[in-house]
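Novice: Can you keep this structure in mind? I'll have questions shortly.
Where a number appears in this text, it was derived from the coordinates with a stated rule and is not lab data. Computed from a predicted structure; not experimentally measured. Ideal geometry is used to build each Cβ from the backbone, glycine not excepted, and the neighbour counts take in all protein chains shown.
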Amino acid sequence: MGNPAGVRRDFVALERRRRRAARLLAQGLSPSEVARQVGVHRQSVSRWARQWEREGHRGLKRAGRKPRLGAPELRRLGGALKRGPEALGYATGLWTAARVAHLIEQECGVQYHPGHVWRLLRQLGWSCQRPTGRAQERDEAAIRRWKQKRWPEIKKKPKKKGGRSSLSMKAD
């Protein structure tokens, strides 16, 4: 099922929930009752119980894959991003996903697919931006005149209502 887009998991709260389930199981409650009380599926409670039996409280720690970049690497990446792509030898000041993936590999020694870099960028507070490049020759007054006078002349207008439809079945 997962989380809604953009919502990060609260791993501390998830671990607290697993520990609460373990306490309830230790009190003798059934996995079904524990599942109802902590708001999860019964199979999750059974899995947590097996982990708790095998590994103790350590088995109830954060589930899932560990992040490939820790806090120090993310800070270093943030600083490198602020230096700009020109510092890496790129001709323009535009960060692309491929460029950021190259930067991550260069700075941290970890390979990321360009299609997944956006998650790290969002985590660092960066957002997708498009450059606002405008032609230097741009004539704002001429554009305004065109929009006010010429565009209304050439724009299609809706046909007047009340006319007969080409599909009309009525005989004249």
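Residues checked against (1) surrounded by 11 or more Cβ atoms within 10 Å (Cβ to Cβ); (2) in a loop (DSSP other than H, G, I, E, B):
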residue	(1), (2)
Ala80	yes, no
Ala91	no, yes
Trp95	yes, yes
Leu103	yes, no
Tyr112	yes, yes
Arg130	no, yes
Arg145	yes, no
Lys156	no, yes
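Novice: Can you name the residue in segment 65-78 that is among the charged types (D, E, K, R) and part of a helix (DSSP H, G or I) and, of all such residues, is surrounded by the most Cβ atoms within 10 Å (Cβ to Cβ)?
Specialist: Looking at residues that are among the charged types (D, E, K, R) and part of a helix (DSSP H, G or I), I get Glu73.
Novice: Note down all Cβ pairs under 6 Å where the first residue falls in segment 31-57 and is touching a residue at least 24 places away in the same chain (Cβ under 8 Å) and closer than 17 Å to Glu15 by Cβ, the second is surrounded by 14 or more Cβ atoms within 10 Å (Cβ to Cβ) and β-branched (Val, Ile, Thr), and they're at least six residues apart or on different chains.
Specialist: These pairs meet every condition: Val45/Val34.
Novice: State all residues of segment 21-45 that are in a helix (DSSP H, G or I), loosely packed, with under 15 Cβ neighbours inside 10 Å and within 32 Å of the chain's Cα centre (by Cα); if no residue qualifies, say none.
Specialist: Within segment 21-45, Arg36, Gln37, Arg42, Gln43 meet the criteria.
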